[in-house]
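Heads up: the structure comes next, in structure tokens.
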Amino acid sequence: MSPVATIKASAPAKVNLTLHVTGQREDGYHLLDSLVVFANVADQLGATVAPDLSITVNGPFSAGVPTDQTNLMIRAAEALRQVRGVKQGASLTLEKHLPHAAGIGSGSSDAAATLAMLAELWSVAPLPATAPEVVALGADVPVCVGGPAPVRMSGIGDVLSPVPALPRCALVLVRPPVDVPTGPVFEGLATKEGSSMTAMPEGLDFDGFARWLAAQRNDLQAPAEAIAPLISQAITKLQSLPDVAVAGMSGSGATCFALIKDMATARRVARIMQVAHMDWWVAPAEVL
């Protein structure tokens, strides 16, 4: 491959439509059961062969993204380089369109896309989602490596299971301007021994899927709302709109979602939310 060739990739938002906390291991890791989907709002990445590893970050959410060895893309690149014995480096670029620390796994999705890009750039075999080096990068990285198809994620994020085909649907993602630290959210759980997600039936239409989803939970929503009441406000506002079938919170927050039947309706709902809350991040998106 030419040393000037650049590989480009999109890193889509990861949305936990459900998140059941089913236990806690002795090492402190929580056991989860979650339906994860990916949405077509994304960070944009690039990689070019270089002597060393480096990263340049720009875009509307670039503030606060580290560019040193703590950056998850750099850590992912280093992991792949070590496992595959690669001597080259890469100049990475990140155009940050997704808010970080927002419950939509943008850093993890960036890391997963980096692994795929660099496997191509360096002409080496990609790391599988279940590789220990992938799991070590964080609980959301394996599911992002396995994406973008919808998947059931369990264990500590390292057990991925297929799910029946979802009906065509769209989302409106809404993030109020609050930060919700993951640690205190987990500490605020009423119980860490919740029931698992009920199995999703085959062949659901949109209304059937909405009914199934409404019967599931995000166990982190209540403690996140206690820390950041704007999350409650966002979900209540979404639920009040007639085109919204289900509204909830993704991950540990603060991004909330509305399940919508189609993209045209999602754009209309997004406009209503954006006009009402000009300082909130609002994005209509198709489910991939």
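The table that follows gives values for the structure above.
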item	result
Of the criteria (1) under 26 Å from residue 163 (Cα atoms); (2) at pLDDT 95 or above; (3) out of contact with any Cys (no Cβ under 7 Å at 6 or more places or on another chain), which one residue 68 fails	(1)
Residue, farthest from residue 169 (Cα to Cα), within the range 180-237, restricted to residues that are among the charged types (D, E, K, R) and in contact with a helix residue (DSSP H, G or I) (Cβ under 9 Å, 6 or more places away or on another chain)	187
Matching residues, the range 99-111, being touching a strand residue (DSSP E or B) at 6+ places or on another chain (Cβ under 7 Å) and among the aliphatic types (A, V, I, L, M)	102, 104
Selection count where residues are in a loop (DSSP other than H, G, I, E, B), of a type in the set (S, T, N, Q) and over 19 Å from residue 103 (Cα atoms), scope the range 235-288	1
Among the residues listed as 50, 9, 5, the single one being within 22 Å of residue 145 (Cβ to Cβ) and open to solvent by less than 40 Å² (accessible area, probe 1.4 Å)	9
Residues located in the range 114-145, provided they are in contact with a strand residue (DSSP E or B) (Cβ under 8 Å, 6 or more places away or on another chain) and open to solvent by 10 Å² or more (accessible area, probe 1.4 Å)	116, 120, 122, 129, 130, 139, 140, 144
Selection status of residue 179, charged (D, E, K, R), free of Cβ contacts under 8 Å to residues at least 60 places away in the same chain and surrounded by fewer than 24 Cβ atoms within 10 Å (Cβ to Cβ)	no
Out of 258, 254, 247, 215, sole residue that is surrounded by 20 or more Cβ atoms within 10 Å (Cβ to Cβ), of a type in the set (A, V, I, L, M, F, W, C) and free of Cβ contacts under 8 Å to residues at least 40 places away in the same chain	247
Flag for residue 44 being open to solvent by 20 Å² or more (accessible area, probe 1.4 Å), in contact with a strand residue (DSSP E or B) (Cβ under 6 Å, 6 or more places away or on another chain) and within 28 Å of residue 168 (Cα to Cα)	yes
Flag for residue 68 being of a type in the set (Asp, Glu) and open to solvent by 10 Å² or more (accessible area, probe 1.4 Å)	yes
Filter result (over 23 Å from the mean Cα position of the chain (by Cα) and surrounded by fewer than 17 Cβ atoms within 10 Å (Cβ to Cβ)) within the range 189-210	190, 191, 193, 201, 202, 203, 205, 207, 208
Per-region count, the range 14-41, residues small (Gly, Ala, Ser), over 14 Å from residue 249 (Cβ atoms) and open to solvent by less than 30 Å² (accessible area, probe 1.4 Å)	2
All positions within the range 26-59 that are part of a loop (DSSP other than H, G, I, E, B) and at pLDDT 95 or above	51, 52, 59
Subset of the range 80-103 [closer than 22 Å to residue 13 by Cα and assigned to a loop (DSSP other than H, G, I, E, B)]	96, 97, 98, 99, 100, 101, 102, 103
Count of residues meeting criterion [open to solvent by less than 20 Å² (accessible area, probe 1.4 Å) and within 23 Å of residue 101 (Cβ to Cβ)] in the range 156-175	5
Test result for residue 214, more than 22 Å from residue 22 (Cα to Cα) and either modelled with pLDDT of 95 or more or not aliphatic (A, V, I, L, M) (or both)	no
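The values are calculated or read from the model by the stated rules, or taken from the named source; none is laboratory data. Predicted model only: the values in this text are computed from it and were never measured. Reconstructed Cβ throughout: ideal geometry from the backbone, glycine too, with neighbour counts over all protein chains shown. Side chains are part of the model used for accessible areas, which takes the heavy atoms of the whole protein and leaves out ligands, DNA and RNA. Shrake-Rupley method; radii C 1.70, N 1.55, O 1.52, S 1.80 Å.
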